[in-house]
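Working notes, structure below.
The values are calculated or read from the model by the stated rules, or taken from the named source; none is laboratory data. What you see is a predicted model; the values in this text were computed from it and never measured. Note that we place each Cβ from the backbone using ideal geometry, even for glycine, and neighbour counts take in every protein chain shown. Surface areas here come from the heavy atoms of the whole protein model, side chains and all, with no ligands, DNA or RNA. Shrake-Rupley method; radii C 1.70, N 1.55, O 1.52, S 1.80 Å.
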Amino acid sequence: GAVVSQHPSWVICKSGTSVKIECRSLDFQATTMFWYRQFPKQSLMLMATSNEGSKATYEQGVEKDKFLINHASLTLSTLTVTSAHPEDSSFYICSARKQGANTEAFFGQGTRLTVV
Amino acid sequence: DAKTTQPNSMESNEEEPVHLPCNHSTISGTDYIHWYRQLPSQGPEYVIHGLTSNVNNRMASLAIAEDRKSSTLILHRATLRDAAVYYCILNAGNQFYFGTGTSLTVIP
């Protein structure tokens, strides 16, 4: 299967600082990538759809000014959590699909963010 | 996005087959049925997907009811490494919306 890589795997930051998470598709081009957030013992919640070369589409209730998404190339999308607070501590996961109809999704290994 | 219903948890003995059910009574004609699984502290992993016919791959089999309102993921011989949360997802558009999934426990 295809590989989607996230970096870093975990990060601890101080409250009020910003954190950037990278998501790369290593062996295929992804015009669209997706960002999820997962709290302990809960399911994945879709945050936004990241489109290469254009603005991301955010799900209802997700603050676009707090969660900045950039999809500068066909293999890289970044999520920046701005002015992070302890309630932003979560497991962030990206995914991508190959082009074509009804293909499967490939997920990164996730990034554990802890805001102290 | 059409919804799916799965049992919260299931148990299986090691090396026995496991049948994980999923109900999707509001499925539309263009919805594909996808299954993913997630091990603790990892991103989800693709298992299998299909539209109407049963599907087999090296990981599992997917049995789809004739009316497509339900499906079953079949693990032919459960191993301890199969312990995970299994998500059944209907997909027609670009996005995947996850439900609550089934937490599978494999008993040695």
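If you restrict to DSSP beta bridges whose two residues both lie in chain A, what percentage is antiparallel, to the nearest 5?
Values: 35 of 39 bridges.
So the antiparallel bridges in chain A amount to around 90 percent.
In debye, nearest 20, what is the charge dipole magnitude of the protein assembly as shown about its Cα centre with +1 on Lys and Arg Cβ and -1 on Asp and Glu Cβ, if you could check?
Details: 18 positive and 19 negative charges, 88 e Å.
So the dipole magnitude of the protein assembly as shown works out to roughly 420 debye.
Rounded to the nearest 0.05, what FRET efficiency do A:TRP10 and A:GLU52 have when you use their Cβ-Cβ distance and R0 = 25 Å? Kindly include the intermediate steps, with their values, before the conclusion.
Values: r = 27 Å, r/R0 = 1.07.
Computed FRET efficiency for A:TRP10 and A:GLU52: 0.40.
Separation between the A:LYS66 and A:LYS41 pseudo-spin-labels, each 7 Å from Cα along Cα→Cβ, expressed in nm?
In this crude spin-label approximation the distance works out to 2.3 nm.
Please name which of B:SER9, B:SER41, B:ALA63 has its Cα lying farthest along the dipole of the range B:1-81 towards the positive end, using unit charges on Cβ (Lys, Arg +1; Asp, Glu -1) and the Cα centre as origin.
Sorting the options by dipole projection puts first B:SER41.
State the percentage of accessible surface on the range B:1-64 attributable to carbon and sulfur atoms; use a 1.4 Å probe and exclude ligands, DNA and RNA. List each step's numbers first, then the result.
Working: 1530 of 3480 Å².
Roughly 44 percent, rounded to a whole number.
In whole angstrom, how far apart do the alpha carbon centroids of the range B:40-105 and the range A:22-56 sit?
Centre-to-centre (Cα) distance: 20 Å.
Roughly how crowded by other chains is peptide B:35-44, in terms of the mean Cβ count from those chains within 10 Å of each of its Cβ atoms?
Working: counts 1, 5, 0, 6, 0, 0, 6, 6, 16, 10.
The shielding value for this peptide is 5.
Can you pull out the buried accessible area for chains A and B, both sides counted, probe 1.4 Å, rounded to the nearest 100 Å²? Write out the running numbers ahead of the final one.
Values: alone 6470 and 6300 Å², together 11150 Å².
Accessible area lost upon association: around 1600 Å².
Determine the shielding of peptide A:48-58 by partner chains: average, over its residues, the number of Cβ atoms on other chains within 10 angstrom of each Cβ.
On the way: counts 1, 3, 0, 1, 0, 0, 0, 0, 0, 2, 0.
Per residue, the number of nearby Cβ atoms from other chains is 1 on average.
What fraction of the DSSP beta bridges in the protein assembly as shown is antiparallel, stated in percent and rounded to the nearest 5?
Details: 63 of 72 bridges.
If I count the DSSP bridges inside the protein assembly as shown, around 90 percent turn out antiparallel.
Taking each pair of distinct Cα atoms in the protein assembly as shown once, what is the resulting Kirkwood hydrodynamic radius in Å? Show your work: numbers first, answer last.
Numbers: mean 1/r = 0.0552 Å⁻¹.
Its Kirkwood hydrodynamic radius stands at 18.1 Å.
Over every pair of different alpha-carbon atoms in chain B, take the mean of 1/r and invert it; report that Kirkwood radius in Å.
Working: mean 1/r = 0.0724 Å⁻¹.
Here the Kirkwood hydrodynamic radius works out to 13.8 Å.
Work out from phi, with θ = phi - 60° and the Karplus expression 6.51 cos²θ - 1.76 cosθ + 1.60, the ³J(HN,Hα) of each residue of the range A:71-76, listed in order in whole Hz, and give x for Gly and Pro.
The phi angles translate into 10, 7, 9, 6, 10, 9 Hz.
Give me the inter-chain shielding for A:102-109: mean count of other chain Cβ atoms within 10 Å, whole number please. Present the calculation step by step, with values, prior to reporting the outcome.
Details: counts 9, 4, 10, 10, 4, 8, 3, 3.
Other-chain Cβ atoms within 10 Å of each residue's Cβ, averaged: 6.
What value in Å³ per residue do you get for the convex hull of the alpha-carbon atoms in chain A? Could you put the intermediate results ahead of the total?
Numbers: hull volume 11.8 nm³, N = 116.
Here the figure is 102 Å³ per residue.
Tell me, in nm to one decimal, what length is gained between A:PHE28 and A:THR80 on full extension, where the rule is 0.36 nm per residue of separation less the Cα-Cα distance?
Numbers: separation 52, 0.36 × 52 = 18.72 nm, distance 2.31 nm.
So the extension gain works out to 16.4 nm.
Pull the list of chain A cysteines that no other Cys approaches to under 4.7 Å, Cβ to Cβ.
So, A:CYS13.
Residues of the range B:1-30 with the amide nitrogen closer than 13 Å to a label point 7 Å from the Cα of B:LYS69, along Cα-to-Cβ, please.
B:23-28
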